[in-house]
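Structure provided below as structure tokens; questions to follow.
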Amino acid sequence: MVPPGKFISVAGKSGLILEIDAWVLQEACRQGMLWEQEGLGELTKSVNLSPVQFRRGDVESVVVNALAHSGLSPSHLDLEMTESLLIDDSTQLTELLGRLRARGLTFSIDDFGTGYANLGYLKRFGVERLKIDQSFVHRLTEEVNDEAIVRAIIQMAHSLKLTTVAEVIEDAETLARLRDLGCDRGQGFYWSPALPADEFLAFVRQYQTKRQA
């Protein structure tokens with residue numbers, strides 16, 4: 001297994017990230033549709049696309065083809081973007097996101113807080129979610145400054161009617177503090193590590209069974 005940190009930057013510089021992005025999106029939509037057919041319900045599938053895909057690739061065509069081939073509803077797909085992409089503030093990007101949103105897709109800003117945060121682009125691009133960068137969440141219960149940053153992000157997001165998602169939650173203490181701060185959602189090893197598709201299916205079914213009990 002080769003972790004993303006080992007190859008993403010190389011793929012981006014070489015241009016191969018375009019093919020990787022397209023494959024990941026197609027596979028996510030295909031697998032997501034299979035999970036729905038297995039009875040897991042209407043789960044939102046979040047897919048991170050590289051800035052290179054938005055700047056040099058045909059994002060709209062890639063997304064439309066992936067949805068068409070899989071049969072997945074656009075409303076069940078959330079595209080994650082980086083702050084650096086939105087800072088470009090181009091008319092072309094604005095129009096692209098508008099067309100995709102008209103199809104029913106939603107958008108998240110990934111690793112929020114590590115770039116040049118700007119309230120103007122949050123309003124302009126109309127994203128639905130902010131994903132708080134893991135560097136702040138990881139030290140949340142240890143660093144006062146990190147807690148202050150997380151609190152500020154959550155308050156700002158809620159004032160703009162955006163959903164907040166905390167990345168890399170690994171323990172109950174961190175989860176409890178995020179709840180106190182008003183964070184809406186979370187992801188991390190506290191619940192589960194990354195799982196192969198069949199194991200994820202069993203994991204969700206077990207969770208659903210517990211909720212119904």
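Given the conditions (1) more than 24 Å from GLY113 (Cβ to Cβ); (2) crowded, with 17+ Cβ neighbours inside 10 Å; (3) at pLDDT below 90, and given that LEU25 satisfies all but one, which numbered condition is not satisfied?
(3)
Turning to a different aspect of this structure: Quick check, is ARG30 over 18 Å from the mean Cα position of the chain (by Cα) and surrounded by fewer than 17 Cβ atoms within 10 Å (Cβ to Cβ)?
no
Testing VAL59 on (1) of a type in the set (Val, Ile, Thr); (2) surrounded by fewer than 19 Cβ atoms within 10 Å (Cβ to Cβ); (3) within 19 Å of the chain's Cα centre (by Cα); (4) more than 24 Å from SER159 (Cβ to Cβ), one condition comes back false. Which one is that?
Tallying (1) of a type in the set (Val, Ile, Thr); (2) surrounded by fewer than 19 Cβ atoms within 10 Å (Cβ to Cβ); (3) within 19 Å of the chain's Cα centre (by Cα); (4) more than 24 Å from SER159 (Cβ to Cβ), VAL59 fails exactly one: (2).
Report whether or not SER84 is surrounded by 19 or more Cβ atoms within 10 Å (Cβ to Cβ), under 20 Å from VAL165 (Cα atoms) and either out of contact with any helix residue (DSSP H, G or I) (no Cβ under 8 Å at 6 or more places or on another chain) or assigned by TED's automatic domain parsing to the domain that holds GLN31 (or both).
no
Which one is nearest to GLN208 (Cα to Cα) among residues in segment 36-52 that are assigned to a helix (DSSP H, G or I) and either out of contact with any Leu (no Cβ under 6 Å at 6 or more places or on another chain) or of a type in the set (Ser, Thr, Tyr) (or both)?
Selected residue: GLU36.
Here's another thing I want to ask about it. Inside segment 63-82, can you point out the residues that are touching an Asp or Glu at 6+ places or on another chain (Cβ under 7 Å) and not hydroxyl-bearing (Ser, Thr, Tyr)?
HIS76, GLU80, MET81
Give me a count of the residues in segment 67-97 that are in a helix (DSSP H, G or I) and touching a residue at least 12 places away in the same chain (Cβ under 8 Å).
Summing the residues that are in a helix (DSSP H, G or I) and touching a residue at least 12 places away in the same chain (Cβ under 8 Å) in segment 67-97 gives 15.
So which helices (runs of 4 or more DSSP H) are wholly in segment 98-209 and hold at least 2 residues that are among the acidic types (Asp, Glu) and outside the structural domain of PRO74 (by TED's automatic domain parsing)?
In segment 98-209, the matching helices (runs of 4 or more DSSP H) lie at 144-159, 172-181.
The values are calculated or read from the model by the stated rules, or taken from the named source; none is laboratory data. Predicted, not measured: the structure shown is a model, and the values here were computed from it. A quick note on method: Cβ atoms are made from the backbone with ideal geometry, for glycine too, and the neighbour counts reach across all protein chains shown.
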